[in-house]
């Protein structure tokens with residue numbers, strides 16, 4: 001059984017190690033994802049309710065973070081990073097983290113979440129190339145890897161280039 005809950009201060013060191021370990025074997029990694037989590041946690045873009053951990057076997061085995069971004073004049077979300085310990089991957093833990101994150105994001109009133117990631121993984125959750133919504137990346141990237149999901153049924157039309165939190169270094 002996997003429990004998904006909001007992180008707390010006692011989790012910080014364990015989350016750091018989970019993220020670091022998860023990205024050591026990742027196909028696409030710049031090696032500083034764990035430091036990005038720390039920087040984002042201390043930023044204005046941090047939303048405590050959207051920093052979630054997965055608990056299994058009495059330990060943290062996964063973490064997900066959604067932070068505030070700007071698209072035009074609208075405040076929306078970026079999913080980054082999602083980390084699951086290698087020995088716990090392919091067990092649905094990442095899926096549970098994403099689904100719970102989306103549920104909370106909807107409850108908080110966000111309309112969209114964007115992600116830079118695998119074109120074979122994120123579409124399972126409803127992510128499509130962000131360009132379909134008129135959302136553009138602030139850097140060169142394949143449309144199939146820069147994706148967005150509409151979280152709430154809304155007539156709010158959001159178009160423009162994503163402005164990430166400065167902690168992303170973009």
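The values are calculated or read from the model by the stated rules, or taken from the named source; none is laboratory data. What you see is a predicted model; the values in this text were computed from it and never measured. In this analysis, Cβ positions are derived from the backbone assuming ideal geometry, glycine residues included, and neighbour counts consider all displayed protein chains.
Quick notes
- Every condition in (1) touching a strand residue (DSSP E or B) at 6+ places or on another chain (Cβ under 6 Å); (2) modelled with pLDDT of 95 or more; (3) closer than 17 Å to residue 77 by Cβ holds for residue 158 except the one numbered (2).
- For segment 43-84, the candidate set comprises residues that are in contact (Cβ under 8 Å) with a residue 12 or more places away in the chain and not in a strand (DSSP E or B); within that set, the residue that is surrounded by the fewest Cβ atoms within 10 Å (Cβ to Cβ) is 44.
- Residue list for segment 100-112, restricted to those being surrounded by 15 or more Cβ atoms within 10 Å (Cβ to Cβ) and either assigned to a loop (DSSP other than H, G, I, E, B) or touching a helix residue (DSSP H, G or I) at 6+ places or on another chain (Cβ under 6 Å) (or both): 110, 111
- Within segment 144-167, the residues that satisfy the criterion of being in a loop (DSSP other than H, G, I, E, B) and closer than 13 Å to residue 129 by Cβ are 144, 145.
- Neighbours by Cβ (under 9 Å, 6+ apart or cross-chain): first from segment 99-111, farther than 21 Å from residue 73 by Cβ; second part of a helix (DSSP H, G or I): 99/125; 102/125
- Screening residue 25 with (1) within 23 Å of residue 152 (Cβ to Cβ); (2) at pLDDT below 95 gives one miss only, at (1).
- Residue 97 being closer than 21 Å to residue 128 by Cβ and not in a strand (DSSP E or B): yes
- Here residue 168 passes the criteria (1) surrounded by 14 or more Cβ atoms within 10 Å (Cβ to Cβ); (2) at pLDDT 95 or above; (3) in contact with a strand residue (DSSP E or B) (Cβ under 8 Å, 6 or more places away or on another chain) except the one numbered (2).
- Only one of the numbered conditions (1) free of Cβ contacts under 8 Å to residues at least 60 places away in the same chain; (2) surrounded by fewer than 15 Cβ atoms within 10 Å (Cβ to Cβ); (3) over 21 Å from residue 40 (Cα atoms); (4) over 16 Å from the mean Cα position of the chain (by Cα) is not met by residue 124, and that is (4).
- Residues that are without any contact (Cβ under 8 Å) to a residue 60 or more places away in the chain, under 23 Å from residue 92 (Cβ atoms) and in contact with a helix residue (DSSP H, G or I) (Cβ under 7 Å, 6 or more places away or on another chain), drawn from segment 1-33: 7, 15, 20, 29, 33
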